[in-house]
Amino acid sequence: MSFSTRILCIGAGHVGGPTMAVIADRCPHVRVTVTDINKQRIDAWNSNDLPIYEPGLDEVVKRARGRNLFFSTDVAAGIREADIVFVSVNTPTKAFGEGAGRAADLQYWEKTAREILAHSDRGKIVVEKSTLPVRTAAAMARILNSNGRGIRFQVLSNPEFLAEGTAMRDLEQPDRVLIGSEETPEGIAARRAVADLYATWVPRERVIESNVWSAELSKLTANAFLAQRLSSINAMSALCERTEADIDEVAYAIGTDSRIGPKFLKASVGFGGSCFKKDILNLVYIAQSYGLREVAEYWEAVVRMNEWQQARFVRTMLANMFNTVAGKRIAVLGFAFKADTGDTRESPAMTVTRALIAERARVVITDPKALANARVDLQDVGDAVEFDADPYRAAQGAHAIAVTTEWAVYKTLDYKRIYDAMEKPAFVFDGRNILDHRALFEIGFNVFPIGKTPLKHV
Ligand SMILES: NC(=O)c1ccc[n+]([C@@H]2O[C@H](COP(=O)([O-])OP(=O)(O)OC[C@H]3O[C@@H](n4cnc5c(N)ncnc54)[C@H](O)[C@@H]3O)[C@@H](O)[C@H]2O)c1
């Protein structure tokens, strides 16, 4: 079959894999190849056991794979053939040198730019899919266009707004697709070509075009605003616990104001995930480097509030379990950073688990999809932690259970059965406010929600 366009995506992770699967599914006239330096990941994409869990992903991959969707480790061949190259490699927080702990580590990003240049014999459209500091496209264009061969590249920014756990819906029916380019005739033509691709399934009015800097900065801004809402409601949850106000009632009352809206007002043990913290810190670093100290401090507080909320959750556990958890078995329900994903990056459950281990608790972790990642994340703690896919076994003999991920399955467990198998007094710390607290209290549990008055027998 002949294809009208050939697309390559460098980076077969949580963004590259699902995004390209949807493009291939919706655009049978386009040939899509996804490459990665991680062979194990590519092998998994080519198997029946995909490397990431995302509801609905399996079906889409199965429909398109081998037809117009291919996964390969041959980055060079992929670059040679491609008309459009999406770059979706990881851009973690820099762990060393200038800007360590805040700035984005652009080493993977720059390597791909040099690789694209090395294997190209004609101009291409290069699309930033990764989240990058504002003005990265300028550096990318400088590397790509400083070749002595007269090859010209157009660098676009097309940040990805998908959320893990709902990635397929977010990709198939996005609120918007944003494409930024240089505002030259060549830049605008390139962004129109990518806009046309999305317009195959996304209504035109939802495809937003902008200058490249606005597109880059919009992604950082979106994550900063989303995280800020979570830190704001979490800050209020602490106040609710002191004043007998109820955070769900407060969230509902303010969420009905159309200027505020109901989304992202669920108080919890804190936000996690690979993006919010790193992108805000990146924004903080950018603001600092432009001498905007107050802007940097303003956004940094969103991250500080989140760290405080996680630490506060563990302090509540300790304070109510007679100031010691040493030697006590504690079941941690959920290790993924949110429900419907196996991703554990920056998961609040990790902070909670490590804090409990530091207090010498015997932690048992259970999770429907994230145990493999949890084992890797906690390999340094040895037998200070146990893993059990069965929540009932995890809770057996425990003094407390802590709900750290909002998996739907935890709402419908038989808590009477769990209570009967636990040490007494038995405690529930609901870090996601998903359980029926009154019913748990009536079973006999001491119940500690977030942002609500605890229900205690002791
Ligand atoms: N995860 C999310 O929810 C999400 C949402 C929107 C945007 N983003 C952004 O998208 C980017 C990717 O995130 P992710 O979660 O998919 O990361 P990821 O770690 O899951 O995947 C990145 C992949 O890139 C590969 N890679 C790195 N260098 C490479 C190279 N030189 N050649 C080929 N492959 C290479 C890695 O092996 C890895 O498999 C980040 O910038 C992130 O901020 C992530």
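Can you confirm whether the range 293-300 contains a residue that is in contact (Cβ under 8 Å) with a residue 24 or more places away in the chain, touching a helix residue (DSSP H, G or I) at 6+ places or on another chain (Cβ under 7 Å), surrounded by 14 or more Cβ atoms within 10 Å (Cβ to Cβ) and assigned by TED's automatic domain parsing to the domain that holds Leu435?
yes
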Count - residues of the range 1-48 that are within 16 Å of the ligand (Cβ to nearest atom) and within 30 Å of Trp407 (Cα to Cα): 22
Checklist (1) within 16 Å of the ligand (Cβ to nearest atom); (2) surrounded by 15 or more Cβ atoms within 10 Å (Cβ to Cβ); (3) in the same structural domain as Asp25 (by TED's automatic domain parsing) applied to Phe153, failing item: (1)
One residue from Ala77, Ala139, Ala82, Ala95 being within 16 Å of the ligand (Cβ to nearest atom) and under 23 Å from Ser210 (Cβ atoms): Ala139
Condition check for Ser274: away from the ligand (no atom under 16 Å from the Cβ) and out of contact with any His (no Cβ under 6 Å at 6 or more places or on another chain): no
Residue list for the range 58-74, restricted to those being closer than 16 Å to Ile23 by Cα and within 13 Å of the ligand (Cβ to nearest atom): Phe71
Single condition Thr316 does not satisfy, out of (1) without any contact (Cβ under 8 Å) to a residue 12 or more places away in the chain; (2) part of a helix (DSSP H, G or I); (3) not aliphatic (A, V, I, L, M): (1)
All positions within the range 111-128 that are touching a helix residue (DSSP H, G or I) at 6+ places or on another chain (Cβ under 7 Å) and either within 26 Å of Lys278 (Cα to Cα) or not in a loop (DSSP other than H, G, I, E, B) (or both): Ala113, Arg114, Glu115, Ile116, Leu117, Ile125, Val126, Val127, Glu128
Answer residue from the range 47-84, given it is polar (S, T, N, Q) and either surrounded by 14 or more Cβ atoms within 10 Å (Cβ to Cβ) or not assigned by TED's automatic domain parsing to the domain that holds Ala163 (or both) and is farthest from Val34 (Cα to Cα) among those: Asn68
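The values are calculated or read from the model by the stated rules, or taken from the named source; none is laboratory data. Quick caveat: nothing in here was measured; it's all calculated off a predicted structure. Heads up, the Cβs are rebuilt from the backbone with ideal geometry, glycines too, and the neighbour counts pull from every protein chain shown.
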